[in-house]
Amino acid sequence: MKFRLARVSDAPALAAISIEVWLGTYIRKGVNSFFAEFALSEFTSPKLAALLEDPNEHVIVSENEDGLDGFIRISHGKSAPVAGCSTMEISTLYVQPRHHGKGLGRALLEQGLNYALDAGAPSVWLTTNSENAPAIAFYLRQGFEKVGTTHFHIHEQAYLNDVFRRLISP
């Protein structure tokens, strides 16, 4: 595992990983036009390049001999949907499914937590779909606690998400 800061030139690979992980995680029975259009409009190279140029976004990638296999995105100045959280959000933690179970997600999370600690954040927060049992179990094992719920919206559709927080200290 090799970790580094993402570069704008990584945007196409980050878009591809995002589409792969998002569709694989949330679309279980078949891809319909509603979700396909969301994924293809949300996870684009230009949108990810813009994120990488935003000073409030910090993206760390994992790279193997063939290319990127995962990334973590930490966002500054994000208000949590529940009280008692800092403004440091783990916006994305994606690992290609074929690399699950190898410690890559945990290692990327550690990289992100170290960044948040160095930035002076007392805690980090994140949301995950309430039906995503593997992600929920992962975050609980990593010391996160559920602190509330919110909804993720795609147009007029709303999906229940759990909000998790983890205190960080030196």
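The values are calculated or read from the model by the stated rules, or taken from the named source; none is laboratory data. Remember, predicted model here, so these are calculated numbers, not experimental data. Using ideal geometry, Cβ is built from the backbone for each residue, glycine included, and neighbour counts are taken over all protein chains shown. Just so you know, the surface numbers come from the protein's heavy atoms only, side chains and all, with ligands and any DNA or RNA stripped out. Shrake-Rupley method; radii C 1.70, N 1.55, O 1.52, S 1.80 Å.
Taking the conditions exactly as written (surrounded by 12 or more Cβ atoms within 10 Å (Cβ to Cβ) and either at positive phi or not hydroxyl-bearing (Ser, Thr, Tyr) (or both)), does Gly143 satisfy them or not?
yes
Here the condition is being of a type in the set (D, E, K, R) and closer than 22 Å to Asn161 by Cα; of Glu53, Glu89, Glu65, it holds for Glu89 alone.
A quick yes/no check of all residues on (1) charged (D, E, K, R); (2) buried (at least 18 other Cβ atoms within 10 Å of the Cβ):
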{"position": "Gly101", "(1), (2)": "no, no"}
{"position": "Arg106", "(1), (2)": "yes, no"}
{"position": "Asp118", "(1), (2)": "yes, no"}
{"position": "Ala133", "(1), (2)": "no, no"}
{"position": "Gly148", "(1), (2)": "no, no"}
{"position": "Val163", "(1), (2)": "no, yes"}
{"position": "Ser169", "(1), (2)": "no, no"}
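Among the residues that make up segment 22-33, is at least one of them more than 15 Å from the chain's Cα centre (by Cα), farther than 17 Å from Ile154 by Cβ and open to solvent by less than 40 Å² (accessible area, probe 1.4 Å)? Within segment 22-33, not a single residue is more than 15 Å from the chain's Cα centre (by Cα), farther than 17 Å from Ile154 by Cβ and open to solvent by less than 40 Å² (accessible area, probe 1.4 Å). For segment 85-137, how many residues meet the condition of being under 15 Å from the mean Cα position of the chain (by Cα), hydrophobic (A, V, I, L, M, F, W, C) and within 15 Å of Ser169 (Cα to Cα)? Residues meeting the conditions: 6. Looking only at segment 67-99, residues that are open to solvent by 30 Å² or more (accessible area, probe 1.4 Å) and polar (S, T, N, Q) come to 3 in all. Checked against (1) open to solvent by 60 Å² or more (accessible area, probe 1.4 Å); (2) closer than 22 Å to Ser9 by Cα; (3) in contact with a Lys or Arg (Cβ under 8 Å, 6 or more places away or on another chain), Asn64 passes all but a single condition, namely (1).
Of everything in segment 119-168 that's at pLDDT below 95 and of a type in the set (D, E, K, R), which residue is farthest from Thr87 (Cα to Cα)? Per the criteria, the residue is Glu156. Screening segment 68-84 for residues that are farther than 14 Å from Ser18 by Cβ and in a strand (DSSP E or B) and picking the one that is farthest from the chain's Cα centre (by Cα) gives His76.
Considering only residues in segment 35-61 that are in contact with a strand residue (DSSP E or B) (Cβ under 7 Å, 6 or more places away or on another chain) and part of a helix (DSSP H, G or I), the one that is surrounded by the fewest Cβ atoms within 10 Å (Cβ to Cβ) turns out to be Phe38.
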